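Each value in this text was obtained by applying a stated rule to the coordinates, not by laboratory testing. Small disclaimer: the values here were computed from a predicted structure and weren't measured. In this analysis, Cβ positions are derived from the backbone assuming ideal geometry, glycine residues included, and neighbour counts consider all displayed protein chains.
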């Protein structure tokens, strides 16, 4: 039995102590009531003790892989981007793909995407792919399109667009499912590379106080290999607990993994360190790429007379069938929905399930009062990313205008309505430090409605206790209560 002593409890600043046995909290309470007979004492030197953070929506394996890619975040002009790509091209070995991340055309003075011709001028032989910062779009050069067997005769896939210029020629800009076609053509990471990437991401997240993280799209390359990689990383000392939501199509789609094989992978995991939580579906796109399914129009959309904009990834009938299939098979669902139009579709589907409280909406950035009331009545969970407001305000204003942008991410309204609301990062879309998310949730940046600020107490709980609920980990982690695992972080110790 180990006694942790000389610390302040984060909720009220009271001096407390905590006993831990075999990694589980046995007791926590006033310092004056601490047991005297213990095997070991650890002095926390007056620091403030918190539960470790829970990032209930991120991308763990991609975070680790992105550490090796060209980062375009500092680039604010087309010239900046092209200079960075050219320098990386000159440093790469012949034949290797050039992958860049955090490309963002909304930073450019005219807001226009690069054309593939500009990338071809750097290299027409090496595949070059610039992934948009929101993860829902990219720009490819001709070599990358050719590697994916995309030519001028290609038709847009359901839920995606191969953007063309005024002459009808492919620009290289890829939206949603079209973007996925080309990214899938790149060489897949090996099992060893996946394991190392997960370990690297785990180290990076643990360094900012995260104890549990949820990968929200497992199965991007090869589900069986990714499940094995996550298991091996957990066994090789990954410093965070791993929670996985699998892509719907890799489990229930026509080419999904065999149920017995999936059961074998899940059964081989130590569920305390690594477990599958549910399935993931995308309902729409993102605001920065103007693919979120919204009522009304994006500012830069052509006026075609329609009263809506963006893209639903699936037809309503298809989406309802996917939700029904997952629910009837006993899976918990997490559904990506950013636009208000797609969120109505998701709520319609959740309302037909046996227990909507089991399921999650991810993001829910545009919400009306009526939708908040409806979400509360249905009882589903929502996971939101406050850090987006700090990082992408410029993109939101360019696409939506100031009035709609101000009311994005209505966290306080959702809290007051009683919606189970957790916070997360969606890393590697953003840097993913939960302290940045907490600060943003408590004090929204200029231009965002301050009435939607939440309290510090709630923001911390949304990154810990309520995050555990989102992961089906309630009572296991997130509060440092008796019986829970002793995942903690310490702030402000004298040592």
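Worth pointing out:
- Percent of beta bridges antiparallel (DSSP, the chain, rounded to nearest 5): 40 percent
- Over the chain: helical MRE at 222 nm, DSSP H runs n ≥ 4 each giving -39500 (n - 2.57), nearest 500: -9500 deg cm²/dmol
- The alpha carbon centroids of the range 414-441 and the range 48-121 are separated by 23 Å.
- Rounded to two decimals, the Cα-based Rg/Rh of the range 65-183, with Kirkwood Rh, is 0.93.
- Rounded to 10°, Cα long-axis angle of helix 223-235 versus longest principal axis of the chain: 30 degrees
- Here the residues 76, 424, 413, ranked from fewest to most Cβ neighbours within 10 Å of their Cβ, fall in the order 76, 413, 424.
- Mean Cβ count within 10 Å, highest first, over the residues of peptides 188-195, 165-172: 188-195, 165-172
- Ordered by the number of other Cβ atoms lying within 10 Å of each residue's own Cβ, fewest first, 14, 309 fall into the sequence 14, 309.
- Compactness of the range 133-229, taken as the C-alpha radius of gyration over 2.2 N^0.38 Å, stands at 1.34.
- Annotation: the range 210-347 has a Kirkwood hydrodynamic radius of 16.5 angstrom, from the mean reciprocal C-alpha pair distance.
- The chain: angle of helix 340-350 to the longest principal axis, Cα-based, in degrees nearest 10: 60 degrees
- Counting neighbouring Cβ atoms within 10 Å and putting the fewest first, the residues 333, 366 line up as 333, 366.
- Kirkwood hydrodynamic radius (C-alpha pairs) into Stokes-Einstein, the range 242-319, 25 °C and 0.890 mPa s, D in µm²/s: 160 µm²/s
- Measuring how big the range 353-465 is from its alpha-carbon positions, Rg and Dmax come out at 13.5, 42 Å.
- Fraction of alpha-carbon pairs over 13 Å apart in the range 116-155 - percent: 52 percent
- Hull-based mean projected area of the range 382-423, where the convex hull spans the alpha carbons, in square nanometres: 3.0 nm²
- If both residues of a DSSP beta bridge must be in the range 191-470, then about 10% of such bridges are antiparallel.
- Length added when fully stretched, residue 93-residue 117, from 0.36 nm per residue minus Cα-Cα: 6.4 nm
- Of the peptides 107-117, 212-222, 146-156, the order by per-residue mean of other Cβ atoms within 10 Å, starting with the highest, comes out as 212-222, 107-117, 146-156.
- The three principal axes of the Cα atoms in the range 416-459 give end-to-end lengths of 30, 26, 16 Å, sorted in falling order.
- Calculated P(r) tail over 30 Å for the range 191-470, as whole % of Cα pairs: 30 percent
- The chain: relative contact order as a whole-number percent, Cα under 8 Å and 6+ apart: 17 percent
- Helix 369-378 and the longest principal axis of the Cα set of the chain meet at an angle near 60°.
- Share, in percent, of DSSP beta bridges within the range 281-418 that are antiparallel, nearest 5: 25 percent
- Zero-based 5 Å bins, Cα pair distances in the range 271-315, whole percents: 6, 18, 23, 14, 10, 7, 7, 7, 4, 3, 1
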